[in-house]
Amino acid sequence: MSEAKKFNFIGQRTIRPDGHDKVTGKANYAADLSLPGMIWGKILRSPHAHAKILKLDTSRAEAMSGVMSVATFDDLPSVSNEAIQSGEGAIDSLDLGRNVLARDKVLYHGHAIAAIAAKTVAIAEKALELIDVEYEVLTPVLDLHAAMKADAPLLHEDMFTQGYPEQPEKPSNIAARHELKMGDVEAGFAEADVIVERDFVTPTVHQGYIEPHACTVSYNTEGQSMVWCSTQGHFDVRASTAKLLAMPLGNLKVIASEIGGGFGGKTTVYLEPIALILSRKSGRPVKMMMDRDEVFRASGPASAARLTVKVGGKKDGTITAMQTSIAYEAGAFKGSPAMIGGMTAFTPYNCPNVYCETFDVVVNKPKVAAYRAPGAPQAEFGAEMAVSELAEKLGIDPVDLRLQNAAKEGTQTVYGPKLKAVGLVECLEAAKNSPHYKTELKEGEGRGIASGFWFNIGGQSSVTINMNPDGTGTIVEGSPDIGGSRASMQMMASEELGIPLNDLKPIIGDTESIPYNQSTGGSRTTFATGMAVIEAAQDVVHQLKERAASLWNVTPDQVEWRDGSAINTAGEGQMTCAEICAKCEKTGGQISGTGNVNARGAGPSFAVHVCDTKVDMETGKVDVIRYTAIQDAGKAIHPSYVEGQFQGGAAQGIGWALNEEYVYNDDGVMENAGFLDYRIPLASDLPMIDTIIVEVPNNFHPYGVRGVGESGIIPPLAAVGYSVGDAIGANVSELPCSPPRVLKLIQEKG
Amino acid sequence: MAMVFFSGELQRFTGEEKTSVVALNYRELLGELHNKYPDLKNSEISEMAIAIDGEIVHEPLLELIPEEAELHFFHFIAGG
Amino acid sequence: MTKVHVTTSINGDETEFLCEPHDTLLDVLRNDLSLTGTKEGCGSGDCGACSVTLNGRLVCSCLVLGVEAEGAEVGTIEGVGEADNLNVIQEKFLEHAALQCGICTPGLIVSTQALLAENPSPTEEEARYYLAGNLCRCTGYDKIIRAVMDSAETMRGEVK
Ligand code: FES
Ligand code: FES
C-alpha cells in the first residue's frame, strides 16, 4: 500500500469524459435508440392484486389492424427453477419468468399478463383493451402482519418456510427465516443498567430513478439478436434473458445504453425478454418503455419492514447486548434482503452479545429489487434509533457512546469474519469536530446522528486497454457508468500510464467486446473495475517497456517507465508512449493490455450523518435545516463524485425518512403511483448537504479505495427520524415522518 | 490446524460453534467438514462464501487454507 | 386519423412536421425529429426532464401538444450550446460535477437558462424554488445549486 505515494491524477476534480455529451443532450439513454422498421410494445397489467387467471384470450387483439405480435407466459420456454445471477445475488429463474409474465396467477396490481407490439403506441394500447382475461379474484395480502398470520391467504401454495431445522408441515407466506447470533444476549441484558426496547416500521419505497425502464431490441433468427437497454449489468440482462428464452449466451448481444439512474433497481429484467419475444414473432425491431405509473407499480420497490430492537448498556457507556427481529416484505416472490438486515443491523458496534432473527415474507406487491445497500437502511434505522435513545437515557453524548463502542479493526462481526481496518472511529470523530455538531440548536429544532455500515463487494471485472498508433488509447470496461465512474477509470489508467487524461477514452463495451463483468452495484465499480483498469494499464506499460527495449536493443529491465515515457537506463534515450506506439508495426504489432480480476478485499465503508430539523408544530411539516454526511472512502479517486455519492444517498434517505411511501387501498391498488403523490425530495425541500470525506485506506486496493455508493443511504433514516423526535419531544417509531404522522405524535404528546 | 467457526445457521447442522480442521485447501476443508458433520449435506455450506482470517472470498474453490487460519462461512452479499 | 401539418422553429431552424392531434411536443421532438436530448421521466408534468422553451417560456413538453408548436419558437437542449462551444451553464454543470447519471441534466440546463433570463441574480432559495419542477434523484441538488449560482455570477460578469 502506497500511503505516501504521490499521485498525478488521483484525487483531482477532473471533467468527466462523458460530460460534454450529457450537458448537450447527445448522450443516448435507453429510450433514445430507434431502428428502421421499429414497432412499439406495450404491456397488459393486472387490475387485481391477487387473482387466478381463468382465461386469457388474445385473439381479438391479434386480429386488430396494425398489431404485429403478442406475447404471453406461454411464449417463454419452460424454465426450471435454477438460480440466475442478479443484483441481489441469485434469483430463481422460474420466479423471474413468472414476474416478467404472469402464469396462472397474478400476484400484484400491475403484474404483467400479456404484451402487444404494434405499429404505433396508440394502436398497441387500444389492442390491449381487446385482450380477454377472466379472473377469480382472491383476497390480497398487503402487509407483514396479514401475511404472517397462520391462516393468511397464500400467494404460493408450494412455499414452505426455509431455515427451521425441520421443514414445516404447512405452506406459508414466510419464505425463509434467518438467525445470526454471537455471545449470550440474555447474559448481556442482565448486565445492563438501561435497556431500550422498541418496535419500528418502515414503508415500501421506490428507487425513483428518473429514467423509466426501456429497451430497443431486434431478434435475429439466424445470427445474433440485440438488446439495447438501460441496466446496471448488461451481462446479467443477457444471462436472464437468454435463460428465459432458452438461447445460448452467444446468440444475444446486450448493449448498455447510458443509464438514467438505477440505485439497484436496474439489476433485473422486466421488458427485455418480452420485447425479444415480440420481435421474434413479428420479425421487426421492438421498442418498449414503461410509463412512470408502470415503474412504480411493477418495478422494484424496496422492502417495507417491521422490526423490534432491544439494546442494553451499562452506566459507564458499555453496550452489553443488542437484539433484533425483523420481517421484510419481498413482494410477490421470495428474495427480500432479510438476511442482510441481520448482518448489518449492529455491525457499527463492538458488542459481544448479538442476536438477529429475520424473515423473508411474500405479499401482494411488486417483487422488491435492490436499492442502495439493500436491507441495511431498515435494520440500521431501528438499531440507530435505539442506540440514540440509549445514549439519552444514560446521559451520554450520542457520538461519545458510539465512539466508546465503535467497531474497529479486529471487531468480531455477527456474520462471521473480524473486521479489517475500517474508518468508523475517524468518521465519528469528524462528526464531533464538525462545525455542524458544534452549532447550538435553537428552540423547536432537533438533532439526530446515526452511523451506517455496508460491506461493499469486489467481484469480477474485465478491462482491456487498446492502444492506438498515435499513443492514445481506449479503455474498454464492462461496468455501466451510473454516476461518473468513467472519470475514475480514466484517472486510474492515466495514473499508471503517465499520459494525459484526454489521451485515454473510457467506453462501456457490450457483452461481446469484453468478458463477463458483474453488474454495477454493491459499491464495487471504482474498487473492482478500478483494479482491472490498473492491471490492464500496468500490462500496457509492461509491453511499452518491452517494445522500447527492443528498439534500443537493451533488455526490458533496463527500461524504466516515468511520466508517460520509457527511459533507457543502460544508455541514452527517452521515448514517449506516442513514439513507441507509432513504431508498433516494427516491433510486433499493436498493443493492448488486459486486466481480468475477481477482486476480493473490498473494504467496508462506514458513514456517519448528522441532521438538524425544525418542525412546524401546527402542520407537522418537517424542514431539514442542516445536514452533514461523513463517510470513509479509503481513497477518493474523484472527490466531487465521491461527495456526490454521499449527497445522493443522503437525499434518498431523507426522502425515505420524511415523505416517500407506497400508499395502498384495501384492494391492493397503489394510490400514489406518480411523482406528484409519491414525493421524492425536490430542490426546494433540501438544504446544502455538507460532506466530509474520511480516508482510511483499504489495504487490498493499490490506491486504498473503498466503494462509496451505498452506505450513504443508511444513516439518514435514523438521523432524520431521531432529529424529528428530538424537535417535538416524542418517540418516532414509524417512517416516513410525513406531516400527518408527525402531527399525530405532537397531538398525542399533548 | 485451522479453526472453523459456524454461524447460527450452520450450528443447526453441526451442533457446535467451532471445530478445528486440518486442511490444505478449500476442497479438503469441505470434505473434512462433511465427514465430521454428515448433516451438513442439508445445509447451504457449499454455496457459501468464506472469510479466511477476515478476508472475504466469494468463490473459494481454489483457495489454500493457511495453517492456524480462522475460517467463517457466510452468505454471499451483492448490493444495489 | 389525419395528421396535422405543423410549421415551427426549433432552436432557430425552420422545421415542418406531421403529427397526430394527440401527439405531445415531447413525442414529436423525440420520435419524429430525433431530438432525443429532451428526456421523458414521467409524461405527466411532474419531473421536468422534458423541459423546453416555447416562445421563451419554460414548459414541460410532455404537457404541450405538437400542434401547439405551430408558428412558435421552440428551444431545446440541442440549441443551448455545442460540445466545442458550451454555454456557461453547461460548463458550470461539468465543473461542479452537477450531474451523475445525467438524465435530468438537459431539463435542468434548459430550466436554469430560463431562470437566469428571468432573474440574473437569484438567491439560493429562489433558485431552489424555480428548479423545484426538475427532479434529480442522483445528486441531492447540492452541486446543481452550486453550478446554478456560479453560472449566474459568471454571467453577471462577477469573476471570482
Ligand atoms: S416527462 Fe414531462 S415533466 Fe416528466
Ligand atoms: S443526475 Fe441522475 S437524476 Fe439527476
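The values are calculated or read from the model by the stated rules, or taken from the named source; none is laboratory data. Keep in mind that this is a model prediction, so the values were computed, not measured. Here the Cβ positions follow ideal geometry from the backbone for every residue, glycine too, while neighbour counts run over all protein chains shown. Note: accessible area is taken over every heavy atom of the protein model, side chains too, but ligands, DNA and RNA are not part of it. Shrake-Rupley method; radii C 1.70, N 1.55, O 1.52, S 1.80 Å.
Quick notes on this structure:
- Semi-axis lengths, largest first, of the ellipsoid equivalent to the range C:4-79 are 17, 13, 11 Å, with √(5λ) applied to each eigenvalue of the Cα gyration tensor.
- Neighbour net charge for A:V708 - beta-carbon separation under 10 angstrom, K R +1, D E -1: -2
- Heavy-atom accessible surface of chain B, averaged per residue, reaches 49 Å², computed with a 1.4 Å probe.
- Ordering of A:284-290, A:518-524, A:213-219, A:99-105 by packing [mean C-beta count within 10 Å, highest first]: A:518-524, A:213-219, A:284-290, A:99-105
- Averaged over peptide A:120-131, the number of partner chain Cβ atoms lying within 10 Å of each residue's Cβ comes to 1.
- Once the 1.4 Å probe is applied to the protein heavy atoms, the range C:4-79 comes out at 39 Å² accessible per residue.
- Summed over the residues of chain A and divided among them, the accessible surface reaches 33 Å² per residue at a probe radius of 1.4 Å.
- Distance from the alpha carbon centroid of the range A:678-750 to that of the range A:244-320 works out to 24 angstrom.
- The share of accessible area on chain A that comes from carbon and sulfur is 48 percent, using a 1.4 angstrom probe.
- Accessible surface of C:K92 - all protein chains present, 1.4 Å probe, nearest 10 Å²: 30
- Counting Cβ atoms of other protein chains within 10 Å of each Cβ in A:382-395 and taking the mean gives 0.
- The fraction of accessible area contributed by carbon and sulfur in the range C:88-155 is 50 percent, rounded to a whole number (1.4 Å probe; ligands and nucleic acids excluded).
- Share of pairwise Cα-Cα distances greater than 14 Å in the range B:2-74 is 54 percent (whole percent).
- Within the range B:2-74, antiparallel bridges make up roughly 80 percent of the DSSP beta bridges whose residues both belong there.
- Electrostatic dipole magnitude of chain A [Cβ: Lys, Arg +1; Asp, Glu -1; Cα centre; debye, to 20]: 920
- Scaled radius of gyration (Cα, divided by 2.2 N^0.38 Å) that the range A:371-526 gives: 1.45
- Dipole size of the range C:4-79 about its Cα centre, with +1 on Lys/Arg Cβ and -1 on Asp/Glu Cβ: approximately 280 debye, rounded to the nearest 20.
- Set A:K52/A:K287; A:K614/A:K744; A:K266/A:K367; A:K314/A:K393 screened for pairs whose C-alpha atoms are more than 18 Å apart: A:K52/A:K287
- Farthest toward positive dipole pole in the range A:612-750 [+1 Lys/Arg, -1 Asp/Glu at C-beta], among A:S723, A:Y703, A:P639: A:Y703
- Each other residue within a Cβ distance under 10 Å of A:R292 adds +1 if Lys or Arg and -1 if Asp or Glu, for a net charge of -4.
- Max-minus-min Cα coordinates of the protein assembly as shown on each principal axis give 85, 81, 64 Å, with the largest extent listed first.
- Leaving ligands and nucleic acids aside, the A/C contact buries around 4100 square angstrom of accessible area in total at a 1.4 Å probe radius.
- Summed buried accessible surface, chains A and B, 1.4 Å probe, nearest 100 Å²: 2200
- Surface composition of the range C:4-79: carbon and sulfur make up 46 percent of the accessible area, probe 1.4 Å.
- Highest-MSF residue in chain C out of C:C101, C:C47, C:C60 [GNM, Cα springs under 10 Å]: C:C101
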